[in-house]
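Below you'll find the structure, written out as C-alpha cells, and then a few comments.
The values are calculated or read from the model by the stated rules, or taken from the named source; none is laboratory data. These numbers come from a predicted model, not from an experiment. All Cβ positions, glycine included, derive from the backbone under ideal geometry; neighbour counts span all protein chains shown. The protein model used for the area step is the full one, side chains on, heavy atoms only, and it has no ligands, DNA or RNA in it. Shrake-Rupley method; radii C 1.70, N 1.55, O 1.52, S 1.80 Å.
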Amino acid sequence: SDLQIGDPDVAVETPRAISSAINELLGGTGITSSKILGTYGIQYLYLKNPVDENIARTIDGIGGFTRSSDTNSGIIWQIVGSNSRVSLTDATGAITGLNSSNIGATDELLAPGTVTIAEKFDTGWKLIVNGTSIELLQSPIGLPYFEVQEIGSIALIHDGTGHRALISLQLISLLVVLILALPAGRRRSELSTENRA
C-alpha cells in the first residue's frame, strides 16, 4: 500500500531539525525543542526506564512539555501546542487542524493561508483547491507546505508512483540475483560417457 500520514519512514535518516531538537533537549539548551517537535506533529515524548533523573528534571524545566505519566516502564511528557498532521495557518497566525485521514485530507478552507503537513518533505504531496493544483514548497525545517490564496474545498493526496516503482525495481533485482545465484549444472544425459559415474 502507499505511505500513510504518520507512518514512520525508515528509508531515510531523521530530519536534521528533529535530531537537533532532541540533542539540545538532552543537553539542557533546547528552549525551542517543544515547538520544533510540535511542528512535526509529535504529541508525546517518552523515555524508557531506567531514566536519568537529571535528564527528566531538564525536560521538566525547559518548558513546553507537561509530564502526563510516570510509571515503572518510563516517563511520558505531552508536547504543549503540538500541531495536527495537516493544519492551516491563517494571516493572523491562528493554527487550525484540517480533517485528515490515513492517506490524505479533504476539508473546506474558510480562510486563505498556509497549509502545512507535519511530515518529511516529499515531492509526492499534491494539494488541489477548487480543482486547481497548488505549488508545493519546503519550509526551513523541512516540512512540506502550500500557500493557498483562496477559500473553498481542498483535497490533499500523496502520489506514490515513484515509491512503488522503486520498490518494484528492488524486488525484481532481488529475484534476478537469486536466480543467478542458483547452482547451474548440466543434466546427467548431457555429460559425456567418460564423466558418468
Output yes when any residue across segment 83-97 is under 21 Å from Leu26 (Cβ atoms) and open to solvent by 30 Å² or more (accessible area, probe 1.4 Å), and no when none is. no
Being closer than 26 Å to Glu13 by Cα and part of a strand (DSSP E or B) narrows Ser68, Ser153, Ser133, Ser87 down to just Ser87
If you check Arg57 against the conditions, is it more than 19 Å from Ser139 (Cα to Cα) and open to solvent by 70 Å² or more (accessible area, probe 1.4 Å)? yes
Suppose the filter is open to solvent by less than 80 Å² (accessible area, probe 1.4 Å) and modelled with pLDDT of 85 or more; does Thr161 pass it? no
Close pairs from segment 36-60: first assigned to a loop (DSSP other than H, G, I, E, B), partner surrounded by fewer than 13 Cβ atoms within 10 Å (Cβ to Cβ) and of a type outside the set (Ser, Thr, Tyr), Cβ under 8 Å, at least 6 apart: Gly41/Gly6; Asn49/Asn72
First in segment 99-114 and over 16 Å from Gln149 (Cβ atoms) and of a type in the set (A, V, I, L, M, F, W, C), second anywhere and part of a loop (DSSP other than H, G, I, E, B) and modelled with pLDDT of 85 or more, Cβ under 6 Å, 6 or more apart: Ala105/Leu98
